[in-house]
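This report refers to the structure that appears directly beneath it.
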Amino acid sequence: MKKIVLLFLLLAVPVFAQQQTVSYAISPAVFEETTAITITINGSSINEASWGVTGNALYMWAWAFDSDDTTQKGTPLNGSWTASDEASKFTYNVATDTYTKTITPTAYYNTTNIGRIGFLIKAKDGTGDKKSQDILAEVGVFQVSLTNPTENSASILASGSNFTISATNTGGNASYVLKANGSTIHTNASTSNYTFSHNAITANQNYVLEVTQGTTVVNKKFSVIVNPNTPAVAMPSGIVDGINYNSTDATKATLVLDAPLKDFVYIAGSFNNWQPTSAYSMQKDPTSGKFWLELTGLVSGTNYTYQYWVADATPIVGTPTLVKTADPYATLVLSPFDDPGIPAASYPNRPVYPVGQEREVTVLQTGQTPYAWSTATTNFVKPEKEKLVVYELLVRDFDAARSYQSIIDRMDYFKNLKINAIELLPVMEFEGNESWGYNTSFHMALDKFYGPSTKFKELVDLCHQNGIAVILDVALNHAFGRNPMVRMWMNDPDGDGWGSPSTENPYFNTVAKHSYSVGEDFNHSSTLTKNYVKRVVKHWIDEYKIDGFRWDLTKGFTQNCTASDESCTNAYQADRVAILKDYADYSWSLDPTHYVIFEHLGTDTEEKEWANYRINETISKGVMMWGKMTDPYNQLTMGYNSSNDISRMNSSVHGFTKNRLMGYAESHDEERLMYKNIQFGANLNGYNVKTPATALARMSALGAVTLLVPGPKMIWHFGELGWDSSIFACNDGSVNTATDATAGDCKLDTKPQPQWANNWLGNTNRNKIYTDWSKMIALKLNEPVFVGTVTMAGGTTLTPNIKITNAALTSAQLKDVLVLANFDLSTQNVATGFPYTGTWYNLMDNSAITVSDVNATISIPAGEFRIYGNKVAALAIANFENKENAVYLYPNPVDHYFTLSSQINRVEVFSINGQVMKRFKTNGNASFQYEVNDLTQGVYVVKAYNADNQVQVIKFIKK
């Protein structure tokens, strides 16, 4: 069998970033796949500290090429990108300051018939800029060296020029066959020094030099791009960057690319067999300088794929002559790196990546049928900012199916919880599949791992039908190496097709201008960057009817600081304030009720300015600010009377005119409260917070002192079920919090799904949190008192006292609320401070108490809470039978379980025809969960008997 060595560059790194060029040697230099080779890295060529490496812990990330095609093969001992396998670790030699590793390719790569190996050097956690350049080595004693041009290069020629190809080989004479655009143009049957001149070239050429010696064949690839002398032609009015579909003619589409400093651009695609002629050379608008071209002859409904070939005839040192890239404004891209890992069930009939191409390509399709939005979406009225209860979720970790469909299938879960907004971690096209999405590469494209765009639109539409707004987390502080605006102006000294921004890049800084560097840093003072960001905003509002954005890492939007200057990054920066106001203004120009949320987490100076911005307009604006309160709330839930001041949950403490603080006790960035409760909770006289049941019982009280505080609030998914696995839980079940700087952490690892697999809703302790929080959210959304003002005393206390009042309401309404909680480790007589005497009501069940002394204490057991109002919660608590002193059933409709609002001794469930279906005896347990999972769909009647044998009849619907 002939051994084919196809030398084609394919990078195997999940996240592409800046890199260090290391000095290395492979011994022996020529080797077979069964030869033991030693790789030696010169330690002086690596700045370990810049990678956060201590203890000389460097690792090899490896890949291999098949012997007869360009496909990667084998299963090297890499581990994960965030946690390399220890088997891939280099040995450090102190005396010589070198790193060495000895491998046998067949054993290390776990495969045979290897044509070429590749590897790089990285920190254990390679996230960010912690890797070297790619190193490639050919396998086999027969070697071919291309002396002109450089392998995988693209040479630019004037039309009619000549081009000389030369190569040498080892081991004596060999046979050379030169092919251009698939056709043989020259052969030499016996030589070890090959040369040939291809004359009078007028069209682009893709060359393959095929060299054969015995049974071994080596292919060398390179290309010639003819300068088309781009004509200056005025661009039609009304078209924008990216794809412009013709509204009346589905055979046409116009492509526009803004590529300053570039000389010419070809469009290569499936419509020209990826070999563009002069007819696919883009024209240049003399006014804007943009490249554009109208495609014709397209077939409606057909998926076409394409790339731009962007050329610079006189590139600056270290930058490429030609970059092949997908459209930066693509709304659907295909990736050779990620697409093979996308489940067919998540994305049926996904467009196929074109054979023979490299890196991302854009999909174009004319004649698309617009999505038929329901009137619920076209007429959607967003929930008031002051009443928002946002449910933050990562699609990947919400359900084991990891798809938009899986979120759709759980819609009742959100409805029963009563939340009125969902915030999705980034769903724009990101690098890799197992990601949080903050490594975005194409901001206008939906990532395919979770499903097609039609399914995402269905999810948005269904949310609107259920009164739920949809908010997207957007990462526009930065992008990564696959982003076209990085690649079109990049430093690429090793020619591997990846790199960091060059000094010519009009979108990105060469170094971060803030101390929170992630990937490549957008320059938001650039007009081109601002235009791009606004196009992204417009796309998601217009195309997907998105109700708001949570802007990630807004501290990075300044141009005034450096990566090492934390004090500058945290100080007031006028350029950052102005830039982000401009983006907010643009969002509101498209949708005056659009939610604008900034993750700033600063010192309140900028936050105050944004929160109060345009606040008094008829449609009140004001930016909502992420309000991290994890540590003080976790101190409460753990039972520690220190550092537990929660008064900053009050917007007015920050100087906000209105309630614009989206406060939260948990978010995707913070350790889980329940995990810390169980690991570090207090223990006194047998009351042990570390006991899971005890820790869970305290989480309902957490909801009372977070959710009910006026202003928007947020829940991180499954906090309402007491999620108790660490955010640093690894795929293997261990927990790695990266206390060892060389170890990396597992924060980004995919999490398991015990909440569904183990039916947490059926667990009494967990379901109680869900049910209690649902009641609290219903109070917040339906009772006007909760848009009033709040008094929260500062200082440390385990018995927080929260007073809420709405002066606009009358005394005949629920206008005053007192929230009390006891996070101590024993029953406490909790100070109250009722506004006035009289009858007050526990709003969780509308039971009455008489207050004759406003300062009288109330005995509250450890971990419990009370919510008192001057009137019953008539709007929030459903009275299904319209009776006074009614017992209330939650949720309704019922999925698996229901709860009753009062102490009940026994319950009977009847079919609508009067047949007894189930009986329960509760002995007065107010937290009892009534399991009806085995009932079929339909309407049922409940008879609830109290201790005096009085009966209440309630209907419910079983889903």
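Taking only pairs six or more apart or across chains, which ones have beta-carbon atoms under 8 Å, a first residue in segment 269-288 that is under 17 Å from ASN204 (Cα atoms), and a second residue that is modelled with pLDDT under 95 and surrounded by 15 or more Cβ atoms within 10 Å (Cβ to Cβ)?
Cβ pairs passing all conditions: TRP274/GLN357; GLN275/ASN206.
When you go through (1) hydroxyl-bearing (Ser, Thr, Tyr); (2) at pLDDT 85 or above; (3) closer than 24 Å to ALA697 by Cβ one by one for THR936, which number turns out not to apply?
Checking THR936 against (1) hydroxyl-bearing (Ser, Thr, Tyr); (2) at pLDDT 85 or above; (3) closer than 24 Å to ALA697 by Cβ, the one that fails is (3).
Give the residues of segment 694-715 that are within 17 Å of SER667 (Cα to Cα) and either of a type in the set (D, E, K, R) or modelled with pLDDT under 95 (or both), sorted by residue number.
LYS713
Would you confirm whether or not segment 544-553 contains a residue that is on the phi > 0 side of the Ramachandran plot, surrounded by 17 or more Cβ atoms within 10 Å (Cβ to Cβ) and either of a type in the set (A, V, I, L, M, F, W, C) or free of Cβ contacts under 8 Å to residues at least 60 places away in the same chain (or both)?
Yes, segment 544-553 has at least one match.
May I ask you to list the residues in segment 649-662 that are out of contact with any Pro (no Cβ under 8 Å at 6 or more places or on another chain) and outside any loop (DSSP other than H, G, I, E, B)?
Across segment 649-662, the qualifying residues are MET649, SER652, VAL653, HIS654.
State yes or no: is VAL323 outside any loop (DSSP other than H, G, I, E, B), in contact (Cβ under 8 Å) with a residue 24 or more places away in the chain, of a type outside the set (D, E, K, R) and touching a helix residue (DSSP H, G or I) at 6+ places or on another chain (Cβ under 6 Å)?
Spelling it out, VAL323 is indeed outside any loop (DSSP other than H, G, I, E, B), in contact (Cβ under 8 Å) with a residue 24 or more places away in the chain, of a type outside the set (D, E, K, R) and touching a helix residue (DSSP H, G or I) at 6+ places or on another chain (Cβ under 6 Å).
So the check is Cβ under 9 Å with 6+ separation or different chains; which pairs have a first residue in segment 228-255 that's loosely packed, with under 13 Cβ neighbours inside 10 Å and assigned to a strand (DSSP E or B) and a second one that's hydrophobic (A, V, I, L, M, F, W, C) and at pLDDT 95 or above?
Final answer for the pair search is none.
Just one of ARG410, ARG396 is farther than 16 Å from ILE342 by Cα and modelled with pLDDT of 95 or more; which is it?
Being farther than 16 Å from ILE342 by Cα and modelled with pLDDT of 95 or more holds for just one of ARG410, ARG396, which is ARG410.
Given the residues THR215, THR150, which is the only one that is over 24 Å from ILE267 (Cα atoms) and not hydrophobic (A, V, I, L, M, F, W, C)?
The unique qualifying residue is THR215.
Here's the yes/no breakdown for (1) surrounded by 15 or more Cβ atoms within 10 Å (Cβ to Cβ); (2) modelled with pLDDT of 90 or more; (3) more than 24 Å from LEU702 (Cβ to Cβ):
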site: PHE865; (1), (2), (3): yes, yes, no
site: TYR868; (1), (2), (3): yes, yes, no
site: ALA873; (1), (2), (3): yes, no, no
site: ALA886; (1), (2), (3): yes, no, yes
site: PRO891; (1), (2), (3): yes, no, no
site: TYR897; (1), (2), (3): yes, no, no
site: LEU900; (1), (2), (3): yes, no, no
site: GLN903; (1), (2), (3): yes, no, no
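State the number of residues belonging to segment 718-732 that are in contact (Cβ under 8 Å) with a residue 40 or more places away in the chain, more than 17 Å from ASN765 (Cα to Cα) and either small (Gly, Ala, Ser) or buried (at least 23 other Cβ atoms within 10 Å of the Cβ) (or both).
Total satisfying the criteria: 1.
What are the pairs with Cβ atoms under 7 angstrom where one residue, in segment 826-854, is surrounded by 13 or more Cβ atoms within 10 Å (Cβ to Cβ) and the other, located anywhere, is of a type in the set (Asp, Glu)? Sequence gap at least six, or different chains.
That search, which allows pairs on different chains as well, returns PRO835/ASP816.
Does segment 66-100 hold any residues that are within 30 Å of VAL217 (Cβ to Cβ) and out of contact with any Leu (no Cβ under 7 Å at 6 or more places or on another chain), and which are they?
ASP66, SER67, ASP68, THR71, LYS73, GLY74, THR75, PRO76, LEU77, ASN78
Take the conditions closer than 30 Å to VAL395 by Cβ, crowded, with 21+ Cβ neighbours inside 10 Å and more than 22 Å from the chain's Cα centre (by Cα) and apply them to TYR664. Does it pass?
No.
Only strands (runs of 3 or more DSSP E) wholly contained in segment 337-430 count here; list those with 1 or more residues that are over 30 Å from THR296 (Cβ atoms).
Correct list: 389-393, 421-424, 428-430.
Looking at this structure, is ALA311 among the small types (Gly, Ala, Ser) and under 25 Å from ARG402 (Cβ atoms)?
It is false that ALA311 is among the small types (Gly, Ala, Ser) and under 25 Å from ARG402 (Cβ atoms).
Going through HIS514, HIS464, HIS539 one at a time, which residue ends up being over 30 Å from ILE777 (Cβ atoms) and in contact (Cβ under 8 Å) with a residue 60 or more places away in the chain?
Among HIS514, HIS464, HIS539, only HIS539 is over 30 Å from ILE777 (Cβ atoms) and in contact (Cβ under 8 Å) with a residue 60 or more places away in the chain.
Can you tell me which residues in segment 554-576 are touching a residue at least 40 places away in the same chain (Cβ under 8 Å), under 20 Å from PHE598 (Cβ atoms) and surrounded by fewer than 16 Cβ atoms within 10 Å (Cβ to Cβ)?
Within segment 554-576, ASN560, GLU566, CYS568, ASP575 qualify.
Say we look at segment 915-941 and pick out the residues that are among the hydrophobic types (A, V, I, L, M, F, W, C) and assigned to a strand (DSSP E or B); which of these is surrounded by the most Cβ atoms within 10 Å (Cβ to Cβ)?
Looking at residues that are among the hydrophobic types (A, V, I, L, M, F, W, C) and assigned to a strand (DSSP E or B), I get PHE920.
To keep it simple, each residue is scored yes or no on (1) acidic (Asp, Glu); (2) touching a strand residue (DSSP E or B) at 6+ places or on another chain (Cβ under 6 Å).
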site	(1), (2)
THR558	no, no
CYS568	no, no
ILE579	no, no
ASP582	yes, no
SER587	no, yes
VAL596	no, no
ASP604	yes, no
ARG614	no, no
GLY622	no, no
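Please verify whether segment 601-612 includes one or more residues that are of a type outside the set (Val, Ile, Thr), part of a loop (DSSP other than H, G, I, E, B), touching a Lys or Arg at 6+ places or on another chain (Cβ under 6 Å) and crowded, with 20+ Cβ neighbours inside 10 Å.
Checked segment 601-612: no residue is of a type outside the set (Val, Ile, Thr), part of a loop (DSSP other than H, G, I, E, B), touching a Lys or Arg at 6+ places or on another chain (Cβ under 6 Å) and crowded, with 20+ Cβ neighbours inside 10 Å.
Looking at this structure, is ALA808 out of contact with any strand residue (DSSP E or B) (no Cβ under 6 Å at 6 or more places or on another chain), among the aliphatic types (A, V, I, L, M) and under 26 Å from LEU393 (Cβ atoms)?
no
Within segment 647-661, which residues are touching a strand residue (DSSP E or B) at 6+ places or on another chain (Cβ under 7 Å), crowded, with 21+ Cβ neighbours inside 10 Å and more than 18 Å from ASP552 (Cα to Cα)?
MET649, ASN650, SER651, listed by residue number.
With (1) more than 21 Å from GLY719 (Cα to Cα); (2) of a type in the set (A, V, I, L, M); (3) in contact (Cβ under 8 Å) with a residue 60 or more places away in the chain as the list, and ALA611 as the residue in question, which single condition is left unmet?
Looking at each condition in turn, ALA611 falls short on (3).
The values are calculated or read from the model by the stated rules, or taken from the named source; none is laboratory data. Treat the numbers as computed from the prediction; the structure is a model and nothing was measured. With ideal geometry, Cβ positions are generated from the backbone for all residues, glycine too; neighbour counts draw on all protein chains shown.
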